[in-house]
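The values are calculated or read from the model by the stated rules, or taken from the named source; none is laboratory data. It should be emphasised that the depicted structure is a prediction, and the values quoted were computed from it without experimental measurement. Neighbour counts run over all protein chains shown; Cβ positions are idealised from the backbone, glycine included. These accessible areas exclude ligands, DNA and RNA; they are computed on the full protein's heavy atoms, side chains included. Shrake-Rupley method; radii C 1.70, N 1.55, O 1.52, S 1.80 Å.
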Amino acid sequence: MSPSMKETSLETMEKKGEDVNGIMKKEQDKLFDPSEAPPFRINDIRAAIPKHCWVKNPWRSMSYVFRDAIVISALLAAALYFRSWFFWPFYWVAQGTMFWAVFVLGHDCGHGSFSDNPILNNVMGHILHSTILVPYHGWRISHRTHHQNHGNVEKDESWVPMSEDLYNSLSSRTKFLRFKIPFPLFAYPVYLWHRSPGKTGSHFNPYSNLFAPQERKHIMTSTTCWIAMVVFLVYLSSVIGPSMTFKLYGVPYLIFVAWLDVVTYLHHHGYEEKLPWYRGKEWSYLRGGLTTIDRDYGIFNGIHHDIGTHVIHHLFPQIPHYHLVEATKAAKPVIGKYYREPKKSGPIPFHLIENLVSSMKQDHYVSNSGEIVFYQTDPNLFSPPKSA
């Protein structure tokens, strides 16, 4: 046998070996049950994360605030300068994306990952969130509930699955608005006022069952700040006109809401395989957190402060956003198969549209009973009504 034939034979064997290994890995992945209790503890993950990832630098946090404020101001100045329909679409998408970035910084304030100073966190949180019509403390407290109960069918707060009975009790109109795109992309303002189906209360009402009695003064403060922003927008509208106010602020606000709803939904839904939700004794903080999903948003990763790096954020919300990527890299060897590597995005994350649409078509409710449940599909949800 000639040397060239030997080399070809070796290459063929290597390729076959790679194919066999790939097939074995796929088979092993099929056998993996994500609902099984993990063989590691949350402290094992914590120990793998470098110590400096836990350090909060208020100056660095403020630098991101200044960066976003400069970009928002520049976009606003450009819109006022051009005032042309060729520029408006770009402005709306860009400014709406920046509103979303501002929300993420306020989100860090709510978690206390902005700084170690609660006063600075709350002051900046109110400034950042009030400007985009989010009641800071109302959101902060309900979001804390979401993190403390992530993956729990009965106690979670954000995009929580409905039981089959609750789902069947909803009107056709409510189901349509909940699952038919584009309506779910603009659900957030409704959620702030009325919460999700099956839940009661408002993020603006200090006497809502969302809040403990000692938290009422915080809700009053946030609601007052929200009202002040609404008053400012009404005044602005009287000065520059409702149409211009809608162009400069209203449309970007709607883009921001769409960003928020899409990102928060896809962090807990839309994975290629069904992921578990828990009740009762099967739920734990670790198991619930491991059902969250990291996403790659392409060029937007840095713009919206790496919010797509979500698994480690959910387990350890005290870690500042600028350390999440490094912390995730360090934690992955411990988490193993319970970590789902995000699909690599191009510059624009068009691939996530398929995940969103597919999930809205399939993930409708969970069983009324059982401590480990998976989403089920209503095959008749979008079917035309049968004629008599």
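What the table below lists for this structure:
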read-out	value
Cα→Cβ-extended label distance, 7 Å offset, between L170 and D378, nm	0.6 nm
Protein accessible area in the range 57-376, 1.4 Å probe - carbon and sulfur %	65 percent
Per-residue SASA entry for V263, accessible area with 1.4 Å probe, Å² rounded to 10	0 Å²
Ranking by accessible area, most exposed first, for K332, K344, K180 with a 1.4 Å probe	K344, K180, K332
Burial order of peptide ranges 232-243, 160-171 (average beta-carbon count within 10 Å, highest first)	160-171, 232-243
Separation in nanometres of the label points that stand 7 Å from Cα toward Cβ, at L177 and K337	4.3 nm
Label-to-label distance, nm, for residues given as I227 and I70 (7 Å Cα→Cβ offset)	3.7 nm
Heavy-atom SASA rank of K281, K56 (probe 1.4 Å, accessible area, largest first)	K281, K56
Listed residue (V234, Y322, V334) projecting farthest to the positive dipole end of the range 57-376, Cβ model	V234
Surface per residue (accessible, 1.4 Å probe) for the chain, Å²	51 Å²
15 Å Cα cut-off, lysine pairs counted over the range 57-376 (separation 8 or more, or different chains)	7
Selection from S367, Y297, L177, by position along the positive dipole direction of the range 57-376 (Cβ)	L177
Calculated from backbone phi, Karplus (6.51, -1.76, 1.60) coupling profile of the range 189-194 in Hz, x at Gly/Pro	x, 5, 4, 4, 8, 10
Dimensionless Rg ratio for the range 238-290, taking C-alpha atoms and the 2.2 N^0.38 Å reference	1.95
Gain upon complete extension [K361, T200; 0.36 nm per residue less C-alpha separation]	55.4 nm
Residue among N355, N43, N121 with the largest mean-square fluctuation in a Gaussian network model of the chain, springs linking Cα atoms under 10 Å	N43
About the Cα centre, charge dipole magnitude for the chain (Lys/Arg +1, Asp/Glu -1 at Cβ), debye	720 debye
By accessible area with a 1.4 Å probe, ligands and nucleic acids excluded, highest first: order of R216, R195, R173	R173, R216, R195
Cα principal axis extents for the range 57-376, largest first, Å	58, 43, 42
